[in-house]
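> Below: one structure in structure tokens.
Where a number appears in this text, it was derived from the coordinates with a stated rule and is not lab data. Not measured: the values here are computed from a predicted model. Neighbour counts are summed over all protein chains in view; Cβ atoms, including those assigned to glycine, are modelled from backbone coordinates with ideal geometry.
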Amino acid sequence: MPVPPLPIIGFILCSVASQLLLKVAGLYAASHEGLWAGWVLNPYLLLSLCCLALAMPLWAKALRLLPLAT
């Protein structure tokens, strides 16, 4: 039975997007002073965390579908 590539591709895309957004969030925080303006109100950090939250179920689905015993 062929493995559907959607969970694997979705996980990879979400992970890459999360890492890139985390880099941008760090640059955003460096240009804004203070904890509140730099991190709490950082839209890139929020988007990065959302991408990670979406990637985890996709990873679990991919692990369930892949034949890991071979």
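> Calculate the FRET efficiency for A53 and S31 from the Cβ-Cβ distance with a Förster distance of 22 Å, rounded to the nearest 0.05.
Computed FRET efficiency for A53 and S31 comes out at 0.30.
> Continuing with the same structure: The list (1) 46, 20, 18; (2) 29, 18, 17; (3) 54, 17, 14 gives values of Cα extents along the principal axes in Å, and only one came from this structure; which label was calculated from it?
Step by step, Cα extents along the principal axes in Å for this structure corresponds to label (3).
> Give, in nm to one decimal, the length gained when the segment between R64 and L6 is fully stretched (0.36 nm per residue of separation minus the Cα-Cα distance).
This chain segment gains 19.6 nm when fully extended.
> Helix 6-31: angle to the longest alpha-carbon principal axis of the chain, degrees 0 to 90, nearest 10?
That works out to roughly 10 degrees.
> Moving on to the next point. Rounded to the nearest 500 deg cm²/dmol, what is the calculated helix-only ellipticity per residue at 222 nm for the chain, with -39500 (n - 2.57) per DSSP H run of length n ≥ 4?
That comes out to -24500 deg cm²/dmol.
> How far is helix 43-65 tilted off the main Cα axis of the chain, in degrees rounded to 10, range 0 to 90?
In the chain, helix 43-65 runs at an angle near 10 degrees to the longest axis.
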